[in-house]
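Accompanying notes for the structure given below.
The values are calculated or read from the model by the stated rules, or taken from the named source; none is laboratory data. Predicted model, so just to flag it, every value in this text is computed and none were measured. Please note: Cβ atoms are built from the backbone with ideal geometry, for glycine as well, and neighbour counts cover all protein chains shown. Heavy atoms of the whole protein, side chains included, go into the accessibility calculation; ligands, DNA and RNA do not. Shrake-Rupley method; radii C 1.70, N 1.55, O 1.52, S 1.80 Å.
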Amino acid sequence: MRHYCIETYGCQMNVADSELIAGILEDDGWVRATDAHGADLIVVNTCSVRERAADRVVGYLRSLAPLRRARPGLRIVVAGCLPQHLGERLAERLPDVDLFIGPDAYRRLPELVADPSRDPHFALARDRGETYEDLSPLRADGIHAYVSIMRGCDRACTYCAVPFGRGRERSLPAEAAIRATREAVESGFVAVTLLGQAVTSYREGERDFAALLEALAGIPGLCSLRFLAPHPGDLSVRLLEVMRRHPVIARHLHLPLQAGSDRILTAMRRGYTAAEFVDLVARARRTLPEISITTDIIVGFPGESDEDYARTVEVMETVRFDSAFTFAYSPREGTHAQRFLADDVPPEVKQHRLSAVITLQERHSLERYQARIGTTQEVLVEGPARGTPDRLFGRCSDMKAAVFSPGEAEEAEEIRAGEIARVEITAASSHTLKGVRRR
Ligand code: SAH
Ligand code: SF4
Ligand code: F3S
């Protein structure tokens, strides 16, 4: 028997692609190894979005060198965004790799790993039509499944490497998205997250993202329908209306702000102003008062002055996000920003701004989480809480994490992963709600 293992870096799309790769390999007779030491094939699915993400991948691959020496038959494959983005330049840094394969070429994986030659192969041809709609991902057990409804991105934000790794945008046909979601639910996944780099640009003929979401919301047995990530530049009023009509759709929008200065937003080519962003949040909260809004923020983009940075803080103060991923800008090869804009914010200024937005966000998160104290939330149970097995862990409809005691002993036996518990929130930290289950 031939054993494989997959190590995944990067975003949820890579997690979903690793499940796709697992499906492709197992169809070809491969069996999952418990870890890298027991594997004949190691697939490392990589991310190129920030320098640090790329460095981590390279560090991990170099750490495999002793294993490679100990097991002469071992094959190492680098998949995903990094080889697609950097090609031969990555290969120069990684002499021990057998195959570099891009996100459009996974169908060829079995055939390519079967080739015994020791020269590295490059399977980096782009295929604008590839959506893998006919293939089934192999998901880990649990209650939650990803369904990639789009691949690629046509947005070309000036800092972003994603389009280099993922290529042009394409949408999964709606029928295939409905089929994939239905199949996931039928095999026991009661929560589904639709994935795309900018899902709000989903289009298939007359069907836009709001229409697709509405079609999926009606699938029987589905308890929670989520999506990542909408783009603030094309989030429609209709989408908010669809969300309002269908409580099965999570009360959550991940709306990447990136920056609060219009000058920087223009330089990033984001396609909205700070005022438009703030209006959008206000409209979303009017339509769905219980919604949580999370975001991504970049500090230290080329040319970001103290004044520009102050605008980011201002938007954060106005919106008060429920949580945020915050990043210091790092130039990515080939992007417009890397080629044409000087990376002129000194590292210590970037670090200082980053720490400040993190501290500010912690304060806002705590405030937003504590505002839930005293309310009763419907929590989709995922399983026992880590570290405190007498408690359960789950997510509220607005995606906040909740840890709760299951109530009386006989009730405790009743509630299982995949079921919805009514939880009275009694305390909150900036990342987790705490509570007690109520009848
Ligand atoms: N498609 C998503 C973003 C995907 S990348 C969107 O448009 O919203 C995830 C996040 O990484 C981005 O939102 C951005 O905040 C951050 N990021 C991307 N490129 C970066 C860079 N070069 N430097 C720092 N952060 C970056
Ligand atoms: Fe990158 Fe912009 Fe596309 Fe997001 S929308 S993946 S930030 S190019
Ligand atoms: Fe995702 Fe990183 Fe690729 S964020 S799309 S894995 S570059």
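Which members of the stretch 389-402 meet the condition of being open to solvent by less than 60 Å² (accessible area, probe 1.4 Å) and assigned to a strand (DSSP E or B)?
Listed by number, the residues that qualify are Leu392, Phe393, Gly394, Cys396, Ala401, Ala402.
If the requirement is being farther than 27 Å from Arg270 by Cα, surrounded by 14 or more Cβ atoms within 10 Å (Cβ to Cβ), touching a Lys or Arg at 6+ places or on another chain (Cβ under 9 Å) and in the same structural domain as Ala176 (by TED's automatic domain parsing), which of these qualifies: Ala217, Ala211?
Ala217
For the stretch 333-348, give me each residue that is in a loop (DSSP other than H, G, I, E, B) and out of contact with any Lys or Arg (no Cβ under 9 Å at 6 or more places or on another chain).
Gly334, Thr335, Leu341, Ala342, Asp343, Asp344, Pro346
Only one of (1) open to solvent by 60 Å² or more (accessible area, probe 1.4 Å); (2) within 16 Å of ligand 1 (Cβ to nearest atom) fails for Glu92. Which number is that?
Here Glu92 meets the rest and fails (2).
Would you point out the residue of the stretch 300-327, among those that are part of a loop (DSSP other than H, G, I, E, B) and touching an Asp or Glu at 6+ places or on another chain (Cβ under 7 Å), that is most open to solvent (accessible area, probe 1.4 Å)?
Arg320
If I go through the stretch 251-279 residue by residue, how many of them are over 20 Å from Tyr329 (Cα atoms) and open to solvent by 10 Å² or more (accessible area, probe 1.4 Å)?
Of the residues in the stretch 251-279, 6 are over 20 Å from Tyr329 (Cα atoms) and open to solvent by 10 Å² or more (accessible area, probe 1.4 Å).
In the list Ala356, Ala371, which residue meets the criterion of being of a type in the set (Gly, Ala, Ser), farther than 19 Å from Val313 by Cα and at pLDDT 95 or above?
Details: Ala356 fails: farther than 19 Å from Val313 by Cα.
Result: Ala371 is the single residue among Ala356, Ala371 that is of a type in the set (Gly, Ala, Ser), farther than 19 Å from Val313 by Cα and at pLDDT 95 or above.
If the Cβ limit is 6 Å and pairs must be 6+ apart or interchain, which residue in the stretch 220-238 that is within 17 Å of Ala177 (Cβ to Cβ) and open to solvent by less than 50 Å² (accessible area, probe 1.4 Å) pairs with which residue that is within 16 Å of ligand 3 (Cβ to nearest atom) and of a type in the set (A, V, I, L, M)?
From the stretch 220-238, the pairs are Phe227/Leu194; Phe227/Val199; Leu228/Leu195; Pro230/Val199.
Each row is one residue, and each column tells you yes or no for (1) among the polar types (S, T, N, Q); (2) more than 21 Å from Glu382 (Cα to Cα); (3) within 16 Å of ligand 3 (Cβ to nearest atom).
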| position | (1), (2), (3) |
| --- | --- |
| Gly218 | no, yes, no |
| Cys223 | no, no, no |
| Leu228 | no, no, yes |
| Arg251 | no, no, no |
| Leu257 | no, yes, no |
| Gly260 | no, yes, no |
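In the stretch 121-160, which residues are more than 16 Å from ligand 3 (Cβ to nearest atom), modelled with pLDDT under 95 and under 19 Å from the mean Cα position of the chain (by Cα)?
Of everything in the stretch 121-160, those that are more than 16 Å from ligand 3 (Cβ to nearest atom), modelled with pLDDT under 95 and under 19 Å from the mean Cα position of the chain (by Cα) turn out to be Ala140, Asp141, Gly142.
Looking only at the stretch 156-199, how many residues end up being within 16 Å of ligand 2 (Cβ to nearest atom) and closer than 15 Å to Ile219 by Cβ?
Going through the stretch 156-199, the residues within 16 Å of ligand 2 (Cβ to nearest atom) turn out to be 156-171, 194-199.
Of the ones still in play, those that are also closer than 15 Å to Ile219 by Cβ are 194.
Qualifying residue count, the stretch 156-199: 1.
In the stretch 368-388, what residues are more than 23 Å from the chain's Cα centre (by Cα), part of a loop (DSSP other than H, G, I, E, B) and closer than 26 Å to Phe189 by Cβ?
Of everything in the stretch 368-388, just one residue is more than 23 Å from the chain's Cα centre (by Cα), part of a loop (DSSP other than H, G, I, E, B) and closer than 26 Å to Phe189 by Cβ, namely Gly387.
Going through the stretch 144-172 one residue at a time, which ones are among the aliphatic types (A, V, I, L, M), surrounded by fewer than 23 Cβ atoms within 10 Å (Cβ to Cβ) and within 12 Å of ligand 1 (Cβ to nearest atom)?
Once the filter is applied, which keeps residues that are among the aliphatic types (A, V, I, L, M), surrounded by fewer than 23 Cβ atoms within 10 Å (Cβ to Cβ) and within 12 Å of ligand 1 (Cβ to nearest atom), the stretch 144-172 yields only Ala156.
Scan the stretch 75-89 residue by residue and report those that are crowded, with 16+ Cβ neighbours inside 10 Å and within 26 Å of the chain's Cα centre (by Cα).
Result: Ile76, Val77, Val78, Ala79, Gly80, Cys81, Leu82, Pro83, Gln84, His85, Leu86.
Looking for whichever is among the hydroxyl-bearing types (Ser, Thr, Tyr) and in a loop (DSSP other than H, G, I, E, B) here; the options are Ser365, Ser330. Which one fits?
Matching residue, one of Ser365, Ser330: Ser330.
Is the stretch 274-293 home to any residue that is closer than 22 Å to Ser48 by Cα, β-branched (Val, Ile, Thr) and in contact with a Ser or Thr (Cβ under 9 Å, 6 or more places away or on another chain)?
No, the stretch 274-293 has no match at all.
Would you check which residues across the stretch 30-54 are more than 16 Å from ligand 2 (Cβ to nearest atom) and open to solvent by 40 Å² or more (accessible area, probe 1.4 Å) and list them?
Val31, Arg32, Thr34, Asp35, His37, Asp40, Arg52
So which residues in the stretch 326-344 are within 14 Å of Met268 (Cβ to Cβ) and among the aliphatic types (A, V, I, L, M), if there are any at all?
Once the filter is applied, which keeps residues that are within 14 Å of Met268 (Cβ to Cβ) and among the aliphatic types (A, V, I, L, M), the stretch 326-344 yields Ala337, Leu341.
Restricting to the stretch 55-72, and then to whatever is open to solvent by 60 Å² or more (accessible area, probe 1.4 Å) and not acidic (Asp, Glu), can you tell me which residue is farthest from Asp96 (Cα to Cα)?
Arg56
Provide a single number: the residues in the stretch 332-352 that are buried (at least 16 other Cβ atoms within 10 Å of the Cβ) and of a type in the set (Gly, Ala, Ser).
Looking only at that region, the number is 1.
Residue by residue through the stretch 63-84, note down the ones that are touching a Lys or Arg at 6+ places or on another chain (Cβ under 9 Å) and away from ligand 2 (no atom under 16 Å from the Cβ).
If the condition is that a residue be touching a Lys or Arg at 6+ places or on another chain (Cβ under 9 Å) and away from ligand 2 (no atom under 16 Å from the Cβ), then Leu74, Ile76 are the ones that fit.
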